[in-house]
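Scroll down for the structure; my scribbles are underneath it.
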Amino acid sequence: MADLTYASATELARLIASKQVSPVEVVRAHLDRITSLDGSLKSFITVAADAAMAAAREAEAAVAGGRPLGPLHGVPLGLKDLYDTAGIPTTGGSKILAQRVPTADATVVRRLREAGMIVLGKLNMVEFAYGPEGRNPHYGHARNPWDVATHRMAGGSSSGSGVAVAAGLVPVALGSDTGGSIRIPCSLCGLTGIKPTYGRVSRAGVLPLSWSMDHVGPMTRNAADTALVLGAMAGYDAADPTTSVLPVPDYMAALTGDLRGVRVGLLRSFFLDGAATDVRAAVETAARALEKAGAVVDEVALPGVRHVAAGALAVVATEAMTYHAAWLRTRRGDYDPDVSTRLMAGAFVTGVHYVRGQQARALMRREVDDALARRDVLLAPATPITAPGIDERQTTLGDGPSDIRSALIRLTRPFNFSGHPACSLPCGFSSDGLPIGMQLVGRPFDEATVLRVADAYQRVTDWHARRPVLA
Amino acid sequence: MSQPIDLAALRASARLAGFDWSDAELEAIRPIVEASLRVLSGLEQLPLADVEPTTQYRML
C-alpha cells in the first residue's frame with residue numbers, strides 16, 4: 001500500500017479486514033504524519049498517541065484472532081475537541097475547560113469505537129464553536145493546507161477537523177454544525193461531510209453551542225466514507241431526547257451511482273447569485289454534470305431565506321448565552337474577546353425575539369419542505385467564497401460587500417435553522433488553487449438520497465481526489 | 001427600526017439580566033448589541049401572526 005495516510009476509510013477498513021495491512025501500521029503512519037506536519041498546521045489540541053497505539057495493537061490482535069470486526073475496524077478517527085472522551089481532555093477549544101477530563105465517551109464516540117475506529121486525538125476548533133472562520137487564540141489558528149504560502153482560514157468552527165482530514169492526518173474526523181461548522185471547513189478544505197437531519201445523530205456528550213441548532217456529523221474525503229461513518233453514528237439514543245426512533249438505513253447500499261430521474265433543484269436566488277464568480281461557475285458546472293449523469297435539474301427559490309439571519313441570531317444568541325451565563329459572570333477574561341463580546345450581546349436578546357425567531361423557523365422549515373416536495377435534493381454553493389486569508393475581515397459577494405463571518409455562514413445556516421440534512425462536497429478549484437464546495441440538501445431523514453447524489457457526482461468527477469501539496 | 005442604545009440603558013438591561021459588567025465592558029459590546037438589535041428588528045416585518053413557534057425539533 002503506497003500511502004496509508006491518504007487511503008480512504010473504506011479502503012483502510014477493507015485492507016485491515018483482509019490482513020493486507022495492520023491497524024498498527026495504519027495508526028503509526030498517521031501519528032508520524034501528525035508529528036511531521038501538525039506543528040505548522042495546528043489541527044490537533046491533544047494527540048492521544050499512546051492510547052491510540054494501544055488500541056491499534058488490540059485491533060491487530062482481534063484481526064489475528066479471527067474475532068468479529070466492526071465496519072471501521074482499525075480506522076483512525078479525529079474528534080473535534082467538544083466530544084467527550086473518557087480520560088482525554090475535552091476543552092471546547094477554550095481556556096475555561098482546558099483541564100476538563102470527561103469520565104465517559106460521548107454516545108457517538110462510543111459507537112464509533114464499537115465500530116472499530118481508533119481515536120488519535122482531539123482537534124482544534126473555534127472556542128466553544130462560536131464562529132465560522134477557524135481562529136483560536138488559545139491553541140493557535142489552524143492553517144488551511146491548500147496554501148503553503150499564505151495562512152488562510154480553514155473554516156470553522158470545526159477547523160482542526162477540516163485541516164486534519166485534508167492534510168492526511170486522519171481519514172475521518174467528527175465536526176459539529178450549528179450554522180455551517182461542518183460544511184464550511186469541508187468547503188474551504190476540499191472535503192466531503194454531512195450535517196445530518198436534526199435528530200438523526202445523538203448530541204449526548206457533545207458540548208453545546210445552541211441546543212436546537214447543533215448537529216453532529218462526519219467529515220471525510222469522499223461520500224462513501226461519509227456514508228460508512230454516518231451509518232455507524234446515527235440512530236436513537238436515550239441520552240439525547242431529540243433523537244429520532246426512525247431506523248437507520250444502510251447508507252452504503254444507497255450508493256448506486258445511478259442518478260437517472262433524480263430531481264435536483266438549483267438554488268439560484270440568494271445562494272448562487274450571492275456567490276463569487278468562480279464559485280458560481282463551479283456550481284453551475286456541477287449542475288450540468290448531474291444533468292449529464294441523468295438527473296433532472298430545475299431552479300427553485302427560498303424567498304424566506306433572507307430572514308434566517310435574524311431568526312437564527314435570536315435562537316443561537318439566546319441559547320448560547322444561557323449555556324455561558326455563569327462563566328460570563330465569573331470568567332470573562334478567560335474567553336477569546338471576539339467570542340465573549342458576541343456571547344455577552346446575547347443578554348440583550350429578549351424572550352419575544354426568541355419566540356419570533358422560532359416562528360420564523362417554522363416558516364423556513366415549511367418553505368424548504370415545499371421546495372423538496374417535488375425534488376429529491378436542492379443544490380447550492382456551500383460557501384460563497386473560497387478560503388480567505390486568516391486576518392481578512394471583509395469580502396465582496398455577488399450581491400455586494402459583506403463581512404467574512406456573515407459570508408461564510410450565509411448559505412449553510414438556513415439548513416441548521418430548518419433542520420434538513422445537507423452534505424458539502426468539492427466541486428472545483430478557484431483560479432488560485434483553492435477548493436470550492438457545493439452542498440446538497442435533502443428531505444428530513446433522507447440522508448441516503450443526499451449521499452447517493454454526492455457519491456454519483458464523485459464517480460464522474462475527481463475534485464474530491466485532489467490533495468494539497470505539503471512539505 | 002432600532003435606536004442607538006446609550007450606556008445607561010445598556011447597564012440597566014445587563015443588571016436586569018443578572019450581569020454586573022463594567023462600563024468599559026459594556027462600551028466594548030455596544031456596537032455589536034446595536035447591530036444585533038438592528039438585525040432582530042427584521043423579525044417584526046415577517047407575517048408571523050398565525051405561525052406557531054417551533055417547539056418540537058424531533059422532525060419524525
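The values are calculated or read from the model by the stated rules, or taken from the named source; none is laboratory data. Computed from a predicted structure; not experimentally measured. Methodologically, a virtual Cβ is constructed for each residue, glycine included, from the backbone with ideal geometry; neighbour enumeration extends over all protein chains shown.
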A:Ser269 vs (1) surrounded by fewer than 22 Cβ atoms within 10 Å (Cβ to Cβ); (2) assigned to a loop (DSSP other than H, G, I, E, B): all pass except (2)
When the range A:62-71 is checked residue by residue, the ones that are surrounded by 12 or more Cβ atoms within 10 Å (Cβ to Cβ) and either part of a helix (DSSP H, G or I) or not aliphatic (A, V, I, L, M) (or both) are A:Ala62, A:Val63, A:Gly70, A:Pro71
Any residue at all in the range A:413-423 that's within 30 Å of A:Ile34 (Cα to Cα) and in a loop (DSSP other than H, G, I, E, B)?
no
Per the list (1) within 27 Å of A:Ala56 (Cα to Cα); (2) surrounded by fewer than 24 Cβ atoms within 10 Å (Cβ to Cβ), residue check on A:Leu174 breaks on (2)
Could you check, for the range A:379-387, whether at least one of its residues is more than 14 Å from chain B (Cβ to nearest Cβ), surrounded by fewer than 23 Cβ atoms within 10 Å (Cβ to Cβ) and more than 16 Å from A:Leu266 (Cβ to Cβ)? no
The lone condition A:Ile409 fails out of (1) within 22 Å of the chain's Cα centre (by Cα); (2) within 10 Å of chain B (Cβ to nearest Cβ) is (2)
Considering residues that are in a loop (DSSP other than H, G, I, E, B) and either more than 14 Å from every other protein chain (Cβ to nearest Cβ) or of a type in the set (A, V, I, L, M) (or both), the number found within the range A:180-198 is 5
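The rows are residues; the columns are (1) at the interface with chain B (Cβ under 8 Å from one of its Cβ atoms); (2) in a helix (DSSP H, G or I).
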| position | (1), (2) |
| --- | --- |
| A:Val297 | no, no |
| A:Ala309 | yes, yes |
| A:Ala314 | yes, yes |
| A:Ala320 | no, yes |
| A:His324 | no, yes |
| A:Asp338 | no, yes |
| A:Thr341 | yes, yes |
Note on A:Arg260: of the conditions (1) farther than 25 Å from A:Ile436 by Cβ; (2) within 14 Å of chain B (Cβ to nearest Cβ); (3) at pLDDT 95 or above, unmet is (2)
Out of (1) within 14 Å of chain B (Cβ to nearest Cβ); (2) under 25 Å from A:Ala317 (Cβ atoms); (3) small (Gly, Ala, Ser), the one A:Gly442 does not meet is (2)
Within the range A:352-378, the residues that are more than 7 Å from chain B (Cβ to nearest Cβ), without any contact (Cβ under 8 Å) to a residue 12 or more places away in the chain and small (Gly, Ala, Ser) are A:Ala373
Considering the range B:4-24, residues that are outside any loop (DSSP other than H, G, I, E, B) and within 7 Å of another protein chain (Cβ to nearest Cβ), and then whichever is surrounded by the fewest Cβ atoms within 10 Å (Cβ to Cβ), we arrive at B:Ser13
